[in-house]
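The values are calculated or read from the model by the stated rules, or taken from the named source; none is laboratory data. This structure is a prediction, so every number in the text was calculated from the model and none was measured. Glycine gets a Cβ as well: all are built from the backbone with ideal geometry, and neighbour counts include every protein chain shown. For the accessible areas, the whole protein counts, side chains as well, though only heavy atoms, and no ligand, DNA or RNA atoms are used. Shrake-Rupley method; radii C 1.70, N 1.55, O 1.52, S 1.80 Å.
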Amino acid sequence: MAYDFGAIENKWQLKWEKERTFYVETRIGKPKFYCLEMFPYPSGALHMGHVRNYSMGDMLARFMRKKGFNVLYPMGFDAFGLPAENAAIKSNTHPNKWTLNNIEHMTLQLKRMGYSYDWNRRVATCQPDYYKWNQWIFLQMYKKGLAYRKMAPVNWCEKCSTVLANEQVQDGRCWRCDNQATKKKLEQWFLRITDYAPELYSDIDDKLNGWPDRVRTMQRNWIGRSTGARLSFNVPELDAKIETYTTRFDTIFGVTYIALAPEHDLVQEIMKKTSPEKCCELTQFVEKCSAQSSIERSAAGGEKLGFDTGISGVNPVTGELIPIWLANYILMDYGTGAIMGVPAHDQRDFEFCRKFNIPVVPVINPEGEVLDGETMKESFVDDGIVCNSGKFNGMRTGDAIPAMIKWGEETGVCAAEVNFRLRDWLVSRQRYWGTPIPIVYCDKCGIVPIPEDMLPVELPLDIQLLAGGGTPLPSASDWVNTACPVCGAHARRETDTLDTFFCSSWYFLRYCSPGRRDVVFDALDTDYWMAVDQYIGGIEHACMHLIYARYFTKFLRNIGMLRVDEPFENLLTQGMVIKDGAKMSKSLGNVVDPTEIVNRYGADTVRLFILFAAPPQNDLDWSEQGVEGAHRFLNRVWRAVEENLDGLTGYSDTVPVSSLASSAQKDFKRKIHTTILDVTRDIVEEKQFNTAVARMMELVNAIYAFKPSDSNDWKLMREAVCVLLNCLFPFCPHITSELWQMLGNASQLDSELIPECDGAALVVDEVTIVVQINGKVREKLTLPAGLEKRELEKRVTEHPDVASRIEGKEIAKIISVPNKLVNIVISDE
RNA sequence: GCGGGGGUGGCGGAAUGGAAGACGCGCUGGACUUAGGAUCCAGUGCCGCAAGGUGUAGGGGUUCAAGUCCCCUCCUCCGCACCA
């Protein structure tokens, strides 16, 4: 009987579905394990990246069940977002219909992979029973002052009269009509995530030890803690102050100009003092800068654009008048939107000053060198000796910074300040397919939050999308016009929707209490299940999603709803799936459809290949031949049982090591038990699923090499096969379940615990000792295990093969590692 | 530009500072066969008939011993806030 993967997989999937094998409940007192994967966007079809992500998670979930844990392993869909709108316009359907169809199709695809999700907990963020709680959380944040409105620029296409997502701007032009995109300022909603910056930063070191260093470093940089000083420059002509922040207060005597972002508030005031002609120039300058991307503007070496306002500010330390410029490389949403310009010690300032003939004044010299502002070719940014700075001359940079800030604080010039690079999170989107922000604008009361008992504010579905891609909500007058919930007067609904990252910032909490209509989640459930024990997903989420989710968790803890400080205990970031040296993509035409491969080889083969072909964090090179190799291996496993079925079903007990006679039997028994040990360590500690598979392949090779002749041999064979099926089950659940049943076992393999490793089976009598001479391997000797250093050295040096090599030479010393190696160091060989 | 990751056979990849290349793919030879794109056996870093030498991007260092630790150089890939 050949390995008929199609029939086998179908049989077991039906059985699991029918018996609800993987439904799970909160069971206080039982050890829990929460295994979570980043839920997919329902784009229409599963791709190999999903298959890789979820094959890892399913393997781990199944493995932990077999280790005795109560495992929460849920799945859902991140179902709001731009692609649904685009697809709907293109194919003349509705985003809701398109999305729900995709969800159903992808759910079937996931089931065909044999993943052991608790489908009872499925969420789809586009449904009112989910996004109602988005709105509820938003209102809690609003109550605490964490959600607020502010003007912010958006990408705008004049021709389509619509906001463009960054993705919809290509080379500065609208993706649909190719019109030049511009920036436009709109009143928008923000979340005050910066309030949480200190804790988000410090917990990276304190509480994210189960995360990859790489991701922790990325978050550290993203949040960007810096220590420095805030100081302001008086502008007498405008009767105003310009606030700046610097990490290099030690360069304050070298300030030769002030630069403002073109979007700075003060620009309006400046224009009042400027001739109409020059105002026109200024406006053009501001527009030119706004059209550039922030990366373009701030890149060192990028073209510096500047505009001299003709107005001066006062250096608070020297009392000197210095010019105020507008500069493209200053960003309004970074720091205070203004800088003190120190060309001698900042490369971008230097480039700016050379271009616009602003003086360069060095205030730090390199050791043993004196800089000349006239002739310098580049800025000096390293530490050095302070000069041109009054009483601070001669100090070293490291000492000068704190000393000068202290002096600055005493004289009232500056204030020491810790700054974060993290900016508040802009959550409003001028898009249709998202969560409506639960706010109305009342003619009488102004901004009014929707009362909680009126949630959800449902997104109207009977609506025609606009061909240009903009949001149709503002023109849905039946929906927009409403009564103020406070005073009953006419009010207009907020027509912006929430960023979809809002949905994904707390979905892991909803999984704990599925379907609850009365609460967002139940503390009984979250206290039991949280935190997530293992989170698996792509590295591309290292900063945004993984910081937002941390932020939400801390916020919900602060309002008394959660007990954990961090949502994700351990994080695994998997690499991409590559083919022919490039990421799989439709445009390159190198996409491999999972369904097709499953039809051809079966889900077990695909899962095995994808877990075996590369370590989880690495990119994985798709190889058809590799898939065939995995399939071949499963055929080998199948035959190992099928061809030996009579012998394997003849016995049910195992043989203890003490009853084994031959070294072949002992070696085989040892192989069986080291496999248990190695596979467990590779999965649980090392998270190296590829080597776990390799260990099982070795066991299968040993099974084929072992030729049973007596009853003890057959009992060993049965033990080997049972261990193999138990270890392989999390990777390939269908074939192993089938073979387990064929062996006559009444139990289900998924509820069977992984066999314990028998320590007695691991004991060895003899070991190979590597003999080195001056660090080079010269001999390999087989000696009894467990020899003491002295005895080991004696046995080695007296061995004829070694003795002949060292004869007549003077031994300087001998290094020996018991059971492993002896290195004989010979002086002047 | 800033930030991060990574360079080991023909390929994917193994190696608590202690035998470099586990496991798999590919390749070579053989067996069984009408057949082989099934299966099994043997081999497979490079140079060499061999003894042996040599080898983890390149260069330097620490060590009895370095793919692994330290310094410099080169090459690559990824992220950068309205795609999710």
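Quick grid of which residues meet (1) more than 40 Å from the chain's Cα centre (by Cα); (2) within 30 Å of A:CYS174 (Cα to Cα); (3) within 15 Å of RNA strand B (Cβ to nearest atom):
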residue	(1), (2), (3)
A:ILE401	no, no, no
A:ILE405	no, no, no
A:GLY412	yes, no, no
A:PHE420	no, no, yes
A:LYS444	yes, no, no
A:ILE447	no, no, no
A:MET454	no, no, no
A:GLN464	no, yes, no
A:VAL486	yes, no, no
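Within the set A:CYS289, A:CYS279, the sole residue that is in contact (Cβ under 8 Å) with a residue 24 or more places away in the chain, among the hydrophobic types (A, V, I, L, M, F, W, C) and open to solvent by less than 30 Å² (accessible area, probe 1.4 Å) turns out to be A:CYS289.
Residue by residue, here is whether (1) among the small types (Gly, Ala, Ser); (2) touching a Phe, Trp or Tyr at 6+ places or on another chain (Cβ under 7 Å); (3) within 12 Å of RNA strand B (Cβ to nearest atom) holds:
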position: A:GLY538; (1), (2), (3): yes, no, yes
position: A:ALA542; (1), (2), (3): yes, no, yes
position: A:VAL564; (1), (2), (3): no, no, no
position: A:PRO567; (1), (2), (3): no, yes, no
position: A:VAL577; (1), (2), (3): no, yes, yes
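The set of residues in the range A:348-372 that are open to solvent by 60 Å² or more (accessible area, probe 1.4 Å) and either assigned to a helix (DSSP H, G or I) or under 17 Å from A:TYR257 (Cα atoms) (or both) comprises A:ARG348, A:ARG354, A:LYS355, A:ASN357, A:PRO359. I need the full set of residues from the range A:584-605 which are open to solvent by less than 30 Å² (accessible area, probe 1.4 Å) and not aromatic (Phe, Trp, Tyr), in order please. Residues satisfying the conditions are A:ASN590, A:VAL592, A:PRO594, A:ILE597, A:VAL598, A:GLY602, A:ALA603, A:ASP604, A:THR605. Answer with yes or no whether A:ALA664 is farther than 21 Å from A:ARG62 by Cβ, part of a helix (DSSP H, G or I) and more than 11 Å from RNA strand B (Cβ to nearest atom). So A:ALA664 passes the test. Residues considered: A:GLU779, A:GLU810, A:GLU793, A:GLU766. Of these, the only one that is farther than 30 Å from A:LEU611 by Cβ, within 16 Å of RNA strand B (Cβ to nearest atom) and touching a Pro at 6+ places or on another chain (Cβ under 8 Å) is A:GLU766. All of A:VAL519, A:VAL480 fail the test of being in contact with a Ser or Thr (Cβ under 9 Å, 6 or more places away or on another chain) and open to solvent by 20 Å² or more (accessible area, probe 1.4 Å), apart from A:VAL519.
When both residues are 6+ apart or on different chains and their Cβ atoms are under 7 Å apart, which pairs have a first residue that lies in the range A:791-814 and is farther than 12 Å from A:SER827 by Cβ, and a second that is loosely packed, with under 14 Cβ neighbours inside 10 Å and not acidic (Asp, Glu)? Close Cβ pairs satisfying both conditions: A:THR797/A:ALA803. Within the range A:417-432, being open to solvent by less than 30 Å² (accessible area, probe 1.4 Å) and of a type outside the set (D, E, K, R) holds for A:LEU422, A:TRP425, A:VAL427, A:SER428, A:GLN430, A:TYR432.
Figure legend. Inter-residue proximity from the range A:204-217: first residues farther than 13 Å from A:TYR535 by Cα, second residues open to solvent by 20 Å² or more (accessible area, probe 1.4 Å) and of a type in the set (Lys, Arg), beta-carbon distance below 6 Å, spacing 6+ or different chains. Indicated pairs: A:ILE204/A:ARG216; A:ILE204/A:ARG220.
Scanning the range A:113-134 for residues that are among the charged types (D, E, K, R) and touching a Leu at 6+ places or on another chain (Cβ under 9 Å) yields A:ASP118, A:ARG121, A:LYS132. Screening A:ASN234 with (1) away from RNA strand B (no atom under 12 Å from the Cβ); (2) modelled with pLDDT under 90; (3) among the polar types (S, T, N, Q) gives one miss only, at (2). The helices (runs of 4 or more DSSP H) falling completely within the range A:436-518 that include 1 or more residues that are over 30 Å from A:TYR535 (Cβ atoms) map to A:477-480.
Suppose the filter is exposed (fewer than 10 other Cβ atoms within 10 Å of the Cβ) and within 30 Å of A:ASN328 (Cβ to Cβ); does A:THR375 pass it? Against the criterion (exposed (fewer than 10 other Cβ atoms within 10 Å of the Cβ) and within 30 Å of A:ASN328 (Cβ to Cβ)), A:THR375 qualifies. Counting only residues that are within 12 Å of RNA strand B (Cβ to nearest atom), open to solvent by 40 Å² or more (accessible area, probe 1.4 Å) and in contact with a Pro (Cβ under 9 Å, 6 or more places away or on another chain), the range A:688-723 holds 1 of them. State yes or no: is A:GLY29 surrounded by fewer than 24 Cβ atoms within 10 Å (Cβ to Cβ), small (Gly, Ala, Ser) and without any contact (Cβ under 8 Å) to a residue 12 or more places away in the chain? When the stated conditions are applied, A:GLY29 passes them. Taking interchain pairs and intrachain pairs at least six residues apart, which have beta carbon atoms under 6 angstrom, with the first residue in the range A:626-649 and outside any helix (DSSP H, G or I) and the second away from RNA strand B (no atom under 11 Å from the Cβ)? Correct list of pairs: A:THR649/A:GLY744. Cβ separations smaller than 7 Å between residues 6+ apart or across chains give the following pairs from the range A:764-787 residues that are at positive phi and in contact (Cβ under 8 Å) with a residue 40 or more places away in the chain to residues that are within 12 Å of RNA strand B (Cβ to nearest atom) and not in a strand (DSSP E or B): A:ASN774/A:GLU829. Within the range A:255-267, residues that are at pLDDT below 85 sit with their Cβ atoms under 8 Å from residues that are small (Gly, Ala, Ser), at 6+ positions apart or across chains, in these pairs: A:GLU263/A:SER290; A:GLU263/A:GLY337. Looking only at residues in the range A:155-207 that are out of contact with any strand residue (DSSP E or B) (no Cβ under 8 Å at 6 or more places or on another chain) and among the aliphatic types (A, V, I, L, M), the one that is modelled with the lowest pLDDT is A:ILE204. No other residue among A:LEU608, A:LEU546 is open to solvent by less than 50 Å² (accessible area, probe 1.4 Å), within 12 Å of RNA strand B (Cβ to nearest atom), at pLDDT 90 or above and under 30 Å from A:LEU146 (Cα atoms) apart from A:LEU546.
Entry remark, the range A:71-97: residues being open to solvent by 10 Å² or more (accessible area, probe 1.4 Å), out of contact with any Gly (no Cβ under 8 Å at 6 or more places or on another chain) and not aliphatic (A, V, I, L, M) number 9 in total.
Do we have any residue at all in the range A:387-399 that's within 16 Å of RNA strand B (Cβ to nearest atom), open to solvent by 50 Å² or more (accessible area, probe 1.4 Å) and more than 30 Å from A:TYR148 (Cβ to Cβ)?
No, because not a single residue in the range A:387-399 is within 16 Å of RNA strand B (Cβ to nearest atom), open to solvent by 50 Å² or more (accessible area, probe 1.4 Å) and more than 30 Å from A:TYR148 (Cβ to Cβ).
Of the strands (runs of 3 or more DSSP E) contained entirely in the range A:765-829, those carrying at least 2 residues that are open to solvent by 50 Å² or more (accessible area, probe 1.4 Å) and over 30 Å from A:ARG670 (Cα atoms) fall at A:811-817.
Counted as qualifying within the range A:64-151 are the helices (runs of 4 or more DSSP H) with 2 or more residues that are free of Cβ contacts under 8 Å to residues at least 12 places away in the same chain, namely A:82-91, A:95-112.
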